[in-house]
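Trainee: Structure below; questions to follow.
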Amino acid sequence: MRKLFVIGIGAGDPDQVTVQALKAMRQVDVFFLIGKGAEKQELTDVRAAILAEHVQQPHTIVEITDPPRDRTVPARHADAAYQGAVADWHEARAELLERAFAETDGVGGILVWGDPSLYDSTLRIVERVLERGNLRFDYDVIPGITSIQALAAAHRTVLHEIGEPLHITTGRRLRDEGLADGQSTLVMLDGECSFTQLPGDDVYIWWGAYLGMPDEVVIEGPLRVVENRITRRRAALREAKGWIMDIYLLRRSL
Ligand SMILES: C[S@@+](CC[C@H](N)C(=O)[O-])C[C@H]1O[C@@H](n2cnc3c(N)ncnc32)[C@H](O)[C@@H]1O
């Protein structure tokens with residue numbers, strides 16, 4: 001039976017690639033690089049650089065461009081229309097991966113940004129390909145360093161108070177649901193600086209952009225003191241590069 005590896009490669013620093021990931025990569029004959037959005041070229045380049053540095057065996061690289069997603073449907077997760085749009089998009093991506101895998105031979109590998117378990121649809125797509133029933137293969141998941149760990153390390157901090165939980169969410173949900181008292185909240189996928197909409201002057205923020213990459217920037221401090229600095233810096237970086245990836249931790253003091 002054919003084999004596929006879904007390999008977490010860390011959040012941008014090629015040195016975050018684990019020994020386990022390297023061992024998996026060295027068994028792969030064909031790598032599928034799935035790209036999307038404005039950031040796709042640089043993220044694809046990071047993956048290609050990782051392969052160039054670590055993979056010596058003959059291999060093929062197949063770039064798969066993500067099909068466009070219907071963004072006209074508002075992102076309300078309980079909504080059937082939204083779920084339908086996401087399901088259609090996953091189906092279209094499954095078709096592309098299925099075709100690319102069927103047209104090639106040998107062991108396959110998909111390099112996933114950070115870790116595949118966090119805000120990444122690769123595993124859902126792979127499951128979808130298997131459900132479609134046209135291809136039979138076995139697959140393994142290799143964990144990677146997530147941007148969450150990269151943020152904690154860059155700030156040399158623990159993500160939560162002693163024995164307390166950590167809440168992981170998106171910018172949109174932070175805007176909708178706010179911040180619980182005393183809870184440590186990690187926010188990803190926020191294109192709108194949602195932290196600026198939080199009330200109160202008792203919130204602390206640890207923010208990071210392009211973590212592990214040459215342009216890495218980190219800012220921390222009381223939210224009301226540093227929020228303008230973050231939004232200005234974020235806008236300038238985004239303007240200069242054409243895309244940005246940032247993540248932050250928030251905590252309201254008790
Ligand atoms: C589609 S999610 C993928 C997350 C990834 N699977 C992980 O484990 O980190 C993309 C989000 O992750 C965060 N992110 C990923 N890499 C990052 C980096 N190098 N610096 C800052 N944020 C990053 C950002 O919040 C971005 O919007």
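The values are calculated or read from the model by the stated rules, or taken from the named source; none is laboratory data. Note that this is a predicted model, so its numbers are computed, not measured. No Cβ is skipped: glycine too gets one built from the backbone with ideal geometry, and neighbour counts run over all protein chains shown. Note: accessible area is taken over every heavy atom of the protein model, side chains too, but ligands, DNA and RNA are not part of it. Shrake-Rupley method; radii C 1.70, N 1.55, O 1.52, S 1.80 Å.
Trainee: Restricting attention to strands (runs of 3 or more DSSP E) lying wholly within the stretch 146-254, give those where 3 or more residues are within 12 Å of the ligand (Cβ to nearest atom).
Mentor: Working: elements: 166-170, 184-188, 203-209, 217-222, 246-252.
Here the list reads 166-170, 184-188, 203-209, 246-252.
Trainee: Test Asp138 against the stated conditions and say whether it is within 12 Å of the ligand (Cβ to nearest atom) and either surrounded by fewer than 13 Cβ atoms within 10 Å (Cβ to Cβ) or among the charged types (D, E, K, R) (or both). Lay out the reasoning, then the answer.
Mentor: Values: within 12 Å of the ligand (Cβ to nearest atom): no; either surrounded by fewer than 13 Cβ atoms within 10 Å (Cβ to Cβ) or among the charged types (D, E, K, R) (or both): yes.
Considered against the rule, which asks whether it is within 12 Å of the ligand (Cβ to nearest atom) and either surrounded by fewer than 13 Cβ atoms within 10 Å (Cβ to Cβ) or among the charged types (D, E, K, R) (or both), Asp138 comes out as no.
Trainee: Give, as residue ranges, the strands (runs of 3 or more DSSP E) completely inside the stretch 1-68 that count at least 1 residues that are farther than 13 Å from Ile110 by Cα. Break it down into steps so the answer makes sense when it comes.
Mentor: Details: elements: 2-8, 30-35, 60-65.
In the stretch 1-68, 2-8, 60-65 are the strands (runs of 3 or more DSSP E) which contain 1 or more residues that are farther than 13 Å from Ile110 by Cα.
Trainee: Could I ask something else about it? Does Arg156 qualify as being exposed (fewer than 12 other Cβ atoms within 10 Å of the Cβ), of a type in the set (Lys, Arg) and assigned by TED's automatic domain parsing to the domain that holds Glu95? I'd like the intermediate steps shown before the answer.
Mentor: On the way: exposed (fewer than 12 other Cβ atoms within 10 Å of the Cβ): yes; of a type in the set (Lys, Arg): yes; assigned by TED's automatic domain parsing to the domain that holds Glu95: no.
Considered against the rule, which asks whether it is exposed (fewer than 12 other Cβ atoms within 10 Å of the Cβ), of a type in the set (Lys, Arg) and assigned by TED's automatic domain parsing to the domain that holds Glu95, Arg156 comes out as no.
Trainee: What about Asp120, is it among the charged types (D, E, K, R) and open to solvent by less than 30 Å² (accessible area, probe 1.4 Å)?
Mentor: On the way: among the charged types (D, E, K, R): yes; open to solvent by less than 30 Å² (accessible area, probe 1.4 Å): no.
Judged against the criteria, Asp120 is not a match.
Trainee: Looking at the stretch 95-130 only, could you name the residues that are assigned to a helix (DSSP H, G or I) and in contact with a Phe, Trp or Tyr (Cβ under 8 Å, 6 or more places away or on another chain)?
Mentor: Taking the stretch 95-130 and keeping what is assigned to a helix (DSSP H, G or I), we get 95-102, 122-130.
Leu97, Ala100, Phe101, Val126, Val129, Leu130 - these are the residues of the stretch 95-130 that are assigned to a helix (DSSP H, G or I) and in contact with a Phe, Trp or Tyr (Cβ under 8 Å, 6 or more places away or on another chain).
Trainee: Same structure, new question: Of the conditions (1) without any contact (Cβ under 8 Å) to a residue 40 or more places away in the chain; (2) out of contact with any His (no Cβ under 7 Å at 6 or more places or on another chain), Leu166 satisfies every one except a single condition; which number is it?
Mentor: (2)
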